[in-house]
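The values are calculated or read from the model by the stated rules, or taken from the named source; none is laboratory data. Note that the structure is a prediction, hence the values are computed from the model and not measured. Note that each Cβ is placed from the backbone with ideal geometry, even for glycine, and that neighbours are counted across all protein chains shown.
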Amino acid sequence: MDFPVPDTKIIEASEEDMKDAVSEACALLDAGEVVALPTETVYGLAADATNPLAAAKVFEAKQRPSFDPLLVHIGSRADLGKVAKVPDEICEVVAGLADAFWPGPLTLILPKQDVIPDIVTSGLSTVGVRQSGNAIFRAINKKLGKPIAAPSANRFGRISPTSARAVEKELGGRIPLIVNGGACSEGLESTIISIEPRQGKKPIFRLHRAGPITKEMLQKFGKVEKPKPLVVEGNPSTTHLTVAPGTLASHYAPATPLRIVENPEDFTPQPGKRYALLCYKGGEDDPFVRRHQWEFVEALSPGTGKLSEAAVRLFYAMRLLDEAGVDEIIVEPVSEKGLGLAIMDRLRRAAHKDP
């Protein structure tokens, strides 16, 4: 497809420029255009979630398959009922989760209202909803007065962008505007859950995508389990259907092949190949660092080994090594406790090769 956008404009959204940035973004969104906006997780490619033509532009700009639904953002908790139906049996737990984690990086999958067109939900009867914790995004959401569909602002399957510069590299010339709100504070996409009530017991949370709201945090409110296979009535072929974005086997992938190596001694370099290392803490004494004369080494949490820092730096570091011109990126795994579960989820999808 040809995108008639000769130049993608980037505007700053600093404190003094906030009003103008919000107004310009809302004008485009209200006209059915797409705009890249900062969130606390990653930059999102935003569109009016009630406008099917605007949603189609999101799919086109990202080269996103129609079977991968878009998440919907609301400006305030009062707007939840406008986009989703909250069944009586989970009303109390939804309120508790919203009290604890909204605004913030938790997406709830709920039955959708008719105002959300089928293109947004890929024909499913459910919609993923959250309230962003980013002040710029929330200001635009509220001024627009409509829900906003906003998947990550990158080409489908590629590394998610955590800066305006990364968005420009991915979608420059495909979209009219990028609102620069600085680096994202979380660095990983939102946690996505659906809720199953249980009589007299805590509900079951189906964890469709791990994220900044960790399994341990959710366990205070319910029992966290893996999602069930998606089956759509009347559709015997559900191979590609997904109830939530970012859950395909191959996703978040750099153009450079990426491989997770469990132990340093498991890595044997091939003659003539150039390797980069994505490690956890790094340092001269790190067994992974000492294993090979790497072309480039990038640590997720240099020296300290903090999962929160590793989460924020993950996509930035992956993109940096992807642009380094090596033949393969070797990755040291991190502990799958807390945020480590979400980090390893992204790394496994980045390393996955479709058959």
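Pairs meeting the criteria (first residue in the range 249-276 and in contact (Cβ under 8 Å) with a residue 60 or more places away in the chain, second residue part of a loop (DSSP other than H, G, I, E, B) and surrounded by fewer than 10 Cβ atoms within 10 Å (Cβ to Cβ), beta carbons under 6 Å, at least 6 apart or on different chains) are Ser250/Asp354. You will find that of Ile140, Ile148, Ile195, Ile175, the residue that is surrounded by fewer than 24 Cβ atoms within 10 Å (Cβ to Cβ), hydrophobic (A, V, I, L, M, F, W, C) and in the same structural domain as Lys62 (by TED's automatic domain parsing) is Ile195 and no other.
The set of residues from the range 260-282 being closer than 20 Å to Gly340 by Cα, surrounded by 14 or more Cβ atoms within 10 Å (Cβ to Cβ) and either of a type in the set (Gly, Ala, Ser) or out of contact with any Phe, Trp or Tyr (no Cβ under 6 Å at 6 or more places or on another chain) (or both) comprises Ile260, Leu278, Tyr280, Lys281, Gly282. Take the residues in the range 66-92 that are within 16 Å of the chain's Cα centre (by Cα), in a loop (DSSP other than H, G, I, E, B) and not hydrophobic (A, V, I, L, M, F, W, C), then tell me which one is surrounded by the most Cβ atoms within 10 Å (Cβ to Cβ). Among those residues, the one meeting the criterion is Pro69.
Leu45 satisfies every condition listed in (1) part of a strand (DSSP E or B); (2) free of Cβ contacts under 8 Å to residues at least 12 places away in the same chain except (2). Any residue at all in the range 334-345 that is of a type in the set (D, E, K, R), closer than 30 Å to Pro111 by Cα and out of contact with any Ser or Thr (no Cβ under 7 Å at 6 or more places or on another chain)? Yes, because at least one residue in the range 334-345 is of a type in the set (D, E, K, R), closer than 30 Å to Pro111 by Cα and out of contact with any Ser or Thr (no Cβ under 7 Å at 6 or more places or on another chain). Considering the conditions (1) more than 29 Å from Leu258 (Cα to Cα); (2) in contact with an Asp or Glu (Cβ under 7 Å, 6 or more places away or on another chain); (3) not small (Gly, Ala, Ser), Asn154 is excluded by exactly one of them, (1).
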